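Have a look at the structure below, then the notes.
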Amino acid sequence: MDRGLMGMCVNERRRLIVPPHLGYGSIGVAGLIPPDATLYFDVVLLDLWNKEDTVQVSTLLRPPHCPRMVQDSDFVRYHYNGTLLDGTAFDSSYSRGGTYDTYVGSGWLIKGMDQGLLSMCPGERRKIIIPPFLAYGEKGYGTVIPPQASLVFHVLLIDVHNPKDTVQLETLELPPGCVRRAAAGDFMRYHYNGSLMDGTLFDSSYSRNHTYNTYVGQGYIIPGMDQGLQGACMGERRRITIPPHLAYGENGTGDKIPGSAVLIFDVHVIDFHNPEDPVEIRTLSRPPEACNETSKSGDFVRYHYNCSLLDGTKLFSSHDYGAPQEATLGANKVIEGLDTGLRGMCVGERRQLVVPPHLAHGESGARGVPGSAVLLFEVELISREEGLPEGYLFVWHQDPPANLFEDLDLNEDGEVPPEEFSTFIKAQVSEGKGRLMPGQDAEKTIGDMFQNQDRNQDGKITSDELKLKTDEDQERVHEEL
C-alpha cells in the first residue's frame, strides 16, 4: 500500500492490487481478510502534507502600484474562498456579502493565514495553502473542516491599515509660484474623487459638477481630510490616504463606505481664502511719466479688466464689449473688492487683484460666478475724473457769485423755474466755473439739484429757499449746491 500511494496527486484515483506477501500474508485478518488473499484498493487521494511543510503562497495577481504591504499588527479587510485540498468548499466571505476584517499577527487568525497574508498589497490576489498543523490540526473545525485537513484560501486583499497610521499625502501636481498654503480656518473650494483602497469609487464632486466648499481645520469634514487639506496650494492636485480611525471608523457610512475602510481622495484645490483676507493688490506696470494724482473715492474712472477664477476659468472681460468699464468709486456700483483695488491707481497703471468672496459675490455667487469663489482681476486704469466731496452734486472752482439768486433769476421775476436753473448751471460748467458730479447723467443731476432747492416742491425756487450747502444746518441732509 505504501508503494501504491507513492507519486499520487490530490484527487487522483488509482486501483492498487496488493499481493498477499505485501498485504496480510498467510495470516490474513480474522473474520475480514482470509489468509493469502490478494487485495484490491480503489483509492482517491484527498489530502497530503508533511510535517516539514510550510505555508505555500502563490501570487495570482499583483497590482502595478503597491502603496503598502501587510505587516504584523496591521488591520486587514479581505475576501476569500476557502476549500479543502481536494476542492471541497467550506467557507466564503462572498456568500456573506462582506469582507473578513481582522488584525494580522495578533492571534485572531489561524497561524498559517497570519503568515500567508504578510507582504500582500491592496488589490493583490493570492492562493494560500496551509498545512493542518498551522490550521485546525487534529480536531478540525465543526463539520466542515475534518481533522488533519490542509486548507486552501483564494484571497483578495481589499485594504490594510495600522491603528498607528496617520494621513498619507502624495503631491500629484504642484503649480509653480505657490505663495500661500491653506491653513486651519481657511475656506476652501475643491474637487475630489473618493475611492476605496481597491479602487472602488464611492463619491465624486465632478459627478455633481460642483466643487465641495468647506472650512478647513474646523471639524466640518472628517478629521483625515481636515488634516490632509492643510498645507495645500491653490491649483494643487494631491492624493490623501486616510485610515478609518480618521475617517468613518468601524461603522462606515451609507452603503458605499464599509466599516474600517481606508479612504483615498484625489483632490484638486480650486481656491481658498480666509474670512479676514483683504484684497491682494500687485502692481503689474506703471506709466513711465510721473504720477502726481491717483484715483480715490468719488472719482469717476474708466478701466479695462479681465476677470477669472483662480483655476484660470475666464468669467468676464471689458474687452469683449469693446469699451472700458465705467464706475464712480465709493458709489457701490461695483463689488467692494474691485472698488478697493481701483483706488490709488495712476492713469495707465495695470494691477492684479485677488478678491476674496466676502468682498465679491459671497456665498451665493452671481450669474456665471460660483458661490464662495475667489476672483482674479487684471485691471488697467484708462482715465479718471476727480470726484466731488460726499453729498455734493456740483462744486464751484472758485467762490460762488455774490448775488447768486439774481444770477439765477434770468428774467428777474423773483422766481427760478427748472429751465432757468438748468441754463445757469450748464453755463457755469461750460465756462469752467464749476463742475457736476462725474459719471452721471447731467440732466438728472441738475434735476436733483433743483429738487433739493425747491424746498416746498412748488416747481420754482425763491430767494428764501436758495441756500448753499456750506450754509445749511448740519442736521439737514440734502444733495444740493
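The values are calculated or read from the model by the stated rules, or taken from the named source; none is laboratory data. Keep in mind the model is a prediction, meaning the values are calculated, not measured. Positions of Cβ are backbone-derived with ideal geometry, glycine not excepted, and every protein chain shown enters the neighbour counts. With ligands, DNA and RNA removed, areas are computed over all heavy atoms of the protein, side chains included. Shrake-Rupley method; radii C 1.70, N 1.55, O 1.52, S 1.80 Å.
Determine which single condition Glu472 fails, assuming it passes every other condition in (1) at pLDDT below 90; (2) open to solvent by 30 Å² or more (accessible area, probe 1.4 Å); (3) over 56 Å from the mean Cα position of the chain (by Cα).
If we test Glu472 against (1) at pLDDT below 90; (2) open to solvent by 30 Å² or more (accessible area, probe 1.4 Å); (3) over 56 Å from the mean Cα position of the chain (by Cα), just (2) comes out false.
Take the conditions under 20 Å from Ala327 (Cβ atoms), open to solvent by less than 40 Å² (accessible area, probe 1.4 Å), part of a loop (DSSP other than H, G, I, E, B) and in contact with a strand residue (DSSP E or B) (Cβ under 9 Å, 6 or more places away or on another chain) and apply them to Leu388. Does it pass?
yes
Scan region 84-97 residue by residue and report those that are open to solvent by 30 Å² or more (accessible area, probe 1.4 Å) and either of a type outside the set (D, E, K, R) or under 18 Å from Thr241 (Cβ atoms) (or both). Spell out how you get there, then give the answer.
Applying the first criterion (open to solvent by 30 Å² or more (accessible area, probe 1.4 Å)) to region 84-97 yields 85-91, 94-97.
Within region 84-97, Leu85, Gly87, Thr88, Ala89, Phe90, Tyr94, Ser95, Gly97 meet the criteria.
Does Gly87 satisfy the condition of being free of Cβ contacts under 8 Å to residues at least 12 places away in the same chain, at positive phi and in the same structural domain as Ser150 (by the TED database)?
Working: free of Cβ contacts under 8 Å to residues at least 12 places away in the same chain: no; at positive phi: yes; in the same structural domain as Ser150 (by the TED database): yes.
In short, no.
Residue-by-condition table, conditions (1) at pLDDT 90 or above; (2) over 24 Å from Asp299 (Cβ atoms); (3) buried (at least 18 other Cβ atoms within 10 Å of the Cβ):
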site	(1), (2), (3)
Pro417	yes, yes, no
Ala427	yes, yes, no
Lys433	no, no, no
Gly439	no, no, yes
Arg455	yes, yes, no
Ser463	no, yes, no
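Check off (1) buried (at least 19 other Cβ atoms within 10 Å of the Cβ); (2) part of a loop (DSSP other than H, G, I, E, B) for Ser119 and give me the number that stays unchecked.
Of (1) buried (at least 19 other Cβ atoms within 10 Å of the Cβ); (2) part of a loop (DSSP other than H, G, I, E, B), only one is false for Ser119: (1).
Identify, by number, the condition in (1) open to solvent by less than 30 Å² (accessible area, probe 1.4 Å); (2) in a strand (DSSP E or B) that Asp203 doesn't meet.
(1)
Considering only region 25-76, how many residues are surrounded by 14 or more Cβ atoms within 10 Å (Cβ to Cβ), more than 52 Å from the chain's Cα centre (by Cα) and either of a type in the set (Val, Ile, Thr) or at positive phi (or both)?
Residues meeting the conditions: 4.
Please pick out the residue among Tyr248, Tyr215, Tyr206, Tyr220 that is within 18 Å of Val374 (Cα to Cα) and not acidic (Asp, Glu). So that I can check it myself, show each step before the final result.
On the way: Tyr248 fails: within 18 Å of Val374 (Cα to Cα); Tyr206 fails: within 18 Å of Val374 (Cα to Cα); Tyr220 fails: within 18 Å of Val374 (Cα to Cα).
It is Tyr215.
If you check every pair at least six apart or on different chains, which have Cβ atoms under 6 Å apart with a residue in region 28-57 that is free of Cβ contacts under 8 Å to residues at least 12 places away in the same chain first and a residue that is outside any strand (DSSP E or B) and open to solvent by 50 Å² or more (accessible area, probe 1.4 Å) second?
Sorted first by the residue in region 28-57, then by its partner, the pairs are Gly28/Pro34; Gly28/Pro35; Ile33/Tyr24.
Hey, among Leu381, Leu393, Leu353, which residue is in contact with a Phe, Trp or Tyr (Cβ under 6 Å, 6 or more places away or on another chain) and more than 30 Å from Tyr190 (Cα to Cα)? Give the derivation first.
Numbers: Leu393 fails: in contact with a Phe, Trp or Tyr (Cβ under 6 Å, 6 or more places away or on another chain); Leu353 fails: more than 30 Å from Tyr190 (Cα to Cα).
Matching residue, one of Leu381, Leu393, Leu353: Leu381.
Is there any pair linking a residue in region 397-409 that is at negative phi and open to solvent by 90 Å² or more (accessible area, probe 1.4 Å) to one that is outside any loop (DSSP other than H, G, I, E, B) and modelled with pLDDT of 85 or more, with Cβ under 6 Å and at least six apart or on different chains, and which?
Short answer, once both residue conditions are applied: His397/Gly434.
Could you list, in sequence order, the residues of region 253-269 that are surrounded by 17 or more Cβ atoms within 10 Å (Cβ to Cβ) and either farther than 17 Å from Thr214 by Cα or in the same structural domain as Leu157 (by the TED database) (or both)?
Restricting attention to region 253-269, the residues satisfying the condition of being surrounded by 17 or more Cβ atoms within 10 Å (Cβ to Cβ) are 257-258, 260-265, 267-269.
Within region 253-269, Ile257, Pro258, Ser260, Ala261, Val262, Leu263, Ile264 meet the criteria.
Give just the number: which of (1) in contact with a Pro (Cβ under 6 Å, 6 or more places away or on another chain); (2) open to solvent by less than 30 Å² (accessible area, probe 1.4 Å); (3) within 23 Å of Gly259 (Cβ to Cβ) does Thr102 not satisfy?
Every condition holds for Thr102 apart from (1).
All but one of (1) under 60 Å from the mean Cα position of the chain (by Cα); (2) open to solvent by 20 Å² or more (accessible area, probe 1.4 Å); (3) modelled with pLDDT under 90 hold for Glu412; state the number of the condition that does not hold.
(1)
Identify all residues within region 206-230 that are of a type in the set (D, E, K, R) and open to solvent by 20 Å² or more (accessible area, probe 1.4 Å); write none if there are none. First the steps, then the outcome.
Pass one, region 206-230, residues of a type in the set (D, E, K, R): 208, 226.
Scanning region 206-230 gives a single hit, Arg208.
Within region 1-24, which residues are under 30 Å from Thr88 (Cβ atoms) and open to solvent by 90 Å² or more (accessible area, probe 1.4 Å)?
Going residue by residue through region 1-24, those that are under 30 Å from Thr88 (Cβ atoms) are 1-18.
Listed by number, the residues that qualify are Asp2, Arg3, Met6, Arg13, Arg15, Ile17.
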